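Here the structure is laid out as structure tokens; the discussion comes afterwards.
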Amino acid sequence: GDSVTQMEGPVTLSEEAFLTINCTYTATGYPSLFWYVQYPGEGLQLLLKATKADDKGSNKGFEATYRKETTSFHLEKGSVQVSDSAVYFCALSPLRGSNYKLTFGKGTLLTVNP
Amino acid sequence: EADIYQTPRYLVIGTGKKITLECSQTMGHDKMYWYQQDPGMELHLIHYSYGVNSTEKGDLSSESTVSRIRTEHFPLTLESARPSHTSQYLCASSEGGYSNQPQHFGDGTRLSIL
């Protein structure tokens, strides 16, 4: 079945550091890929998405590129801020079947120190 | 931004009580979901619905039940709460028909059973 594996945390960085959170997936065909962010005490918010190979999703300085050849969707940001401290989830939605239910990774906790 | 609401935000209640967690969305989405989020952050799908009068059990077995009498409303009920039900519960919704449609999340209900 479908699965998502993301980098285990927690990840602790200093402000203005470069961020990478790795995400790889297993799925049939060409799923849609998502990154969600969960700030403390809140639900999940869509951060970015990509729906086909080589697509780059971007939002709020975060980027991720859909790599079919390596089945990856790594999240990057060039300069993190304290306000980026949150839990980040990688997820996929299959192209067909499962009525497009999302498969989530286990989440990566990011803490950014001033 | 997404309009999906969960009430209550926090609930502390004794064992054996009947509990209903409310979830409403104003976007007219056909699909709705309930997730249980454990303290380690991982999300588990416990129920979903494709539309009115349609409900299915998710990947994680749950003693809770759901109903979908109106498109906008997807309540979750525990007939007799137990300490093992203590968790955060997240409701989500999405448009139907395409895998690239993201899920929109409410802010969650944090449930504590004494």
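Derivation of every value follows stated rules applied to the coordinates shown; laboratory data play no part. Note that the structure is a prediction, hence the values are computed from the model and not measured. Note: ideal-geometry Cβ built from the backbone for every residue, glycine included; neighbour counts use all protein chains shown.
Computed from point charges on the beta carbon alone (+1 for Lys and Arg, -1 for Asp and Glu), the dipole magnitude for chain A about its Cα centre is near 440 Debye. Set the Cα radius of gyration of chain A against 2.2 N^0.38 Å, with N its number of residues, and you get 1.02. Taking other Cβ atoms within 10 Å as a rough exposure proxy, A:Tyr39, B:Tyr33, A:Tyr25 sort from fewest to most as A:Tyr39, A:Tyr25, B:Tyr33. Within the listed set B:Val52, B:Val66, B:Val12, the residue fluctuating most in the Gaussian network model of chain B (springs between alpha-carbon atoms under 10 angstrom) is B:Val12. Potential lengthening of the chain between A:Glu16 and A:Glu76 amounts to 20.3 nm, from the contour at 0.36 nm per residue minus the alpha-carbon distance. Applying 1/(1 + (r/R0)^6) with r as the Cβ-Cβ distance of A:Thr5 and B:Lys17 and R0 = 35 angstrom yields a FRET efficiency of 0.35.
For the cross-link pairs A:Lys101/B:Lys17; A:Lys56/B:Lys57; A:Lys60/A:Lys101, the ones whose C-alpha atoms lie over 29 Å apart are A:Lys101/B:Lys17; A:Lys56/B:Lys57. For the pair A:Ser85 and A:Lys56, the difference between a 0.36 nm per residue extended length and the Cα-Cα distance amounts to 8.2 nm. Mean-square fluctuations from a GNM of chain B, with a 10 angstrom spring cutoff on Cα atoms, peak among B:Lys18, B:Lys31, B:Lys57 at B:Lys18.
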